[in-house]
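Since the structure comes first, as structure tokens, the remarks are kept for the end.
The values are calculated or read from the model by the stated rules, or taken from the named source; none is laboratory data. What you are looking at is a predicted structure, and each value in this text was computed from that prediction instead of being measured. Backbone-built Cβ (ideal geometry, glycine too); neighbour counts: all protein chains shown.
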């Protein structure tokens, strides 16, 4: 059944909006999936900061061009769905690959785009093993804090060394002053 021009424009606008919010997407082919299976997939995507949409290939290509994304022509053939990542590309891709294991005959990852790089189906596993942003934040923070901690340790060590160097001198000066005071006291008592 043909769709109206207004509906096509609405779909393109919807795809462009998804692309503008996404940090990447995965293209998957599907066939004969039930409504329950599709809803299960959509829930897994939501749980991993993603959105799954069945797209019209021609309209999605138009949206890709409008949003200045590369167009993976070879992936956009046949019935496909797009899983858009909203900040968790590794986690979302892993969820897609897990879903694919359960529905191999009817669902397959074809590839996708992360940033501006197009990747093939074989690369999806490597992407799923990348650390997520939540995992990267503590690592980056640790790298930022580590040099400052080293500086603090160096300053503390330097202060300790200065005290260790000055301590005998201070003790010597105090000994001399103490001896001098005792001598003055003896001199005052003798006079």
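Within region 104-119, restricting attention to residues that are within 13 Å of residue 30 (Cβ to Cβ) and surrounded by fewer than 18 Cβ atoms within 10 Å (Cβ to Cβ), which residue is nearest to the chain's Cα centre (by Cα)? If we take residues in region 104-119 being within 13 Å of residue 30 (Cβ to Cβ) and surrounded by fewer than 18 Cβ atoms within 10 Å (Cβ to Cβ), then 108 is nearest to the chain's Cα centre (by Cα).
Please give the number of the condition residue 58 fails out of (1) free of Cβ contacts under 8 Å to residues at least 12 places away in the same chain; (2) closer than 20 Å to residue 121 by Cβ. (2) is the only condition that residue 58 fails. Comparison of 60, 84 shows that the only residue that is surrounded by 19 or more Cβ atoms within 10 Å (Cβ to Cβ), assigned by TED's automatic domain parsing to the domain that holds residue 123, within 16 Å of residue 119 (Cβ to Cβ) and modelled with pLDDT of 95 or more is 84.
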